[in-house]
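Student: Just passing along the structure, written as structure tokens.
The values are calculated or read from the model by the stated rules, or taken from the named source; none is laboratory data. This one's a predicted model, so the numbers in the text were calculated from it and none came from an experiment. Reconstructed Cβ throughout: ideal geometry from the backbone, glycine too, with neighbour counts over all protein chains shown. Accessible surface areas use protein heavy atoms only, side chains included; no ligands, DNA or RNA. Shrake-Rupley method; radii C 1.70, N 1.55, O 1.52, S 1.80 Å.
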Amino acid sequence: MKVRSMVGYLLSLPKTIYFNLRVFDFHTALKFPCIVNYNVEFGCLHKGCIVLDSENIKPAMILLGCSGGSPGVFTGESPRVKCGGFIGVKPESKIVFHGRARLEKGFSLKADGGATIELGNNFSANSYFFASANDLIKIGDDAVIGWNVSIRDVDGHCIYQKDDPNQKQINLNRAVHIGSHVWVAAKVDILKGTTIPDNSIVAYGTLLTGNKFTERNCIIGCNPARIIKENINWKK
């Protein structure tokens with residue numbers, strides 16, 4: 001296993017060098033803060049599209065698609081197994097890392113339309129984490145994301161009234177806010193306008209459609225989503 005990991009890092013070296021030089025200034029890039037798996041695919045990238053909001057930038061503080069997630073977990077999505085992940089940041093958009101982050105294989109980060117994706121310190125996402133933003137997706141510190149979790153602040157296509165000749169969009173983007181020390185379990189879908197407070201758990205398979213929760217130390221679950229247990233806390 002150690003030999004396989006070493007080979008993987010060696011194969012990832014060219015893509016890691018390219019990515020760091022592409023998105024950071026030269027001084028920051030030389031620290032190699034991001035390690036990028038050789039199978040990660042790139043969309044649009046530009047200088048400054050990745051922001052490291054940390055006073056102490058270290059090598060390998062951001063790991064992108066470098067391992068396969070929890071041992072023994074099979075998502076059943078074999079067409080993407082060979083892909084380390086995807087990252088695309090359109091002009092005037094950005095992804096902000098507030099410290100260390102680890103995103104396992106199959107992740108996808110997409111920022112468009114001047115959007116921002118913010119990931120807090122000690123962020124961890126298991127396989128097949130998907131985040132698509134056209135406005136804002138903000139996640140606090142010490143968040144843990146399970147496998148096959150999807151977060152979107154946008155519907156993906158424009159909806160308008162049938163009789164409107166101007167085709168004015170009625171399904172506007174709405175920001176997603178997820179607090180600190182939040183555990184989002186596997187197969188959770190979080191849609192636009194959702195707010196999840198600090199010290200919360202989102203139960204397996206939950207669908208959140210713009211729900212705005214304010215009470216901390218709760219387990220949120222079911223469909224439609226509701227608080228199913230209060231006065232809890234959790235640890236890794």
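Student: Using a Gaussian network model on the chain with a 10 Å cutoff between Cα atoms, which of TYR18, TYR38, TYR160 fluctuates the most?
Tutor: Highest fluctuation of the listed residues: TYR160.
Student: Calculate, for the chain, the solvent-accessible area per residue in square angstrom, rolling a 1.4 angstrom probe over the heavy atoms of the protein chains.
Tutor: Details: 12390 Å² over 236 residues.
Heavy-atom accessible area per residue stands at 52 Å².
Student: Hey, another quick one. Expressed as an acute angle from 0 to 90° and rounded to the nearest 10, what is the orientation of the C-alpha long axis of helix 2-23 relative to the principal long axis of the chain?
Tutor: Approximately 70 degrees, to the nearest 10.
Student: Over the heavy atoms of HIS181, what accessible area does a 1.4 Å probe trace out, to the nearest 10 Å²?
Tutor: Here the accessible area works out near 40 Å².
Student: For the chain, evaluate the Debye formula with one uniform point scatterer on each Cα (no solvent term) and list log10 I(q)/I(0) at q = 0.14 Å⁻¹, rounded to two decimals.
Tutor: One equal scatterer on each Cα of the chain leads to -0.91.
Student: Which log10 I(q)/I(0) values does segment 121-236 give at q = 0.10, 0.13 Å⁻¹ under the Debye formula, counting every alpha carbon as one identical point scatterer?
Tutor: -0.31, -0.49
Student: What list of whole percents do you get for P(r) of segment 6-63, with Cα-Cα distances grouped in 10 Å bins up to the one holding the largest distance?
Tutor: Pairs per bin, as whole percents: 23, 58, 19, 0.
Student: Oh, and also: If you average the alpha carbon positions of segment 13-56 and of segment 104-122, how far apart do those two centres end up, in angstrom?
Tutor: Segment 13-56 and segment 104-122 have Cα centres separated by 14 Å.
Student: Under the definition of Cα pairs under 8 Å and six or more residues apart, what whole-number percent is the relative contact order of the chain?
Tutor: Working: 663 pairs, mean separation 25.5, N = 236.
Relative CO of the chain lands at 11 percent.
Student: I've got another one for you. Based on DSSP, what percent of beta bridges with both residues in segment 170-232 are antiparallel, to the nearest 5?
Tutor: Details: 3 of 13 bridges.
Counting only bridges with both partners in segment 170-232, antiparallel ones make up about 25 percent.
Student: Could you pull the accessible area for LEU13 with a 1.4 Å probe, rounded to 10 Å²?
Tutor: 90
Student: Only bridges with both residues in segment 125-204 count here: give the DSSP antiparallel percent, nearest 5. Walk me through the numbers before you get to the answer.
Tutor: Working: 1 of 16 bridges.
About 5 percent, rounded to the nearest 5.
Student: Rg and Dmax of segment 95-137, Cα atoms, in Å?
Tutor: 10.2, 27
Student: Within segment 95-110, name every residue whose backbone N is under 19 Å away from a label modeled 7 Å from Cα of ASP53 along the Cβ vector.
Tutor: Hits in segment 95-110 for ASP53 at 19 Å: 95-103, 109-110.
Student: Before anything else, pin down the relative contact order of segment 102-203: Cα pairs under 8 Å, at least 6 apart, normalised by residue count, whole percent.
Tutor: Values: 283 pairs, mean separation 24.6, N = 102.
It rounds to 24 percent for segment 102-203.
Student: Continuing with the same structure: In whole percent, how big is the carbon plus sulfur part of the accessible area of the chain, probe 1.4 Å, protein atoms only? Can you show the working numbers first?
Tutor: Working: 6670 of 12390 Å².
Solvent-exposed carbon and sulfur of the chain make up 54 percent of the total.
Student: Looking only at the chain, where both bridge partners belong to it, what percent of the DSSP beta bridges are antiparallel (to the nearest 5)? The partial results should precede the final answer.
Tutor: Values: 4 of 58 bridges.
So the antiparallel bridges in the chain amount to around 5 percent.
Student: While we're looking at this one, here's another question. Hey, what number do you get for the chain at 222 nm if only DSSP H runs of n ≥ 4 count, each worth -39500 (n - 2.57), divided across all residues, to the nearest 500? Write out the running numbers ahead of the final one.
Tutor: On the way: 2 runs with 26 residues, N = 236.
That comes out to -3500 deg cm²/dmol.
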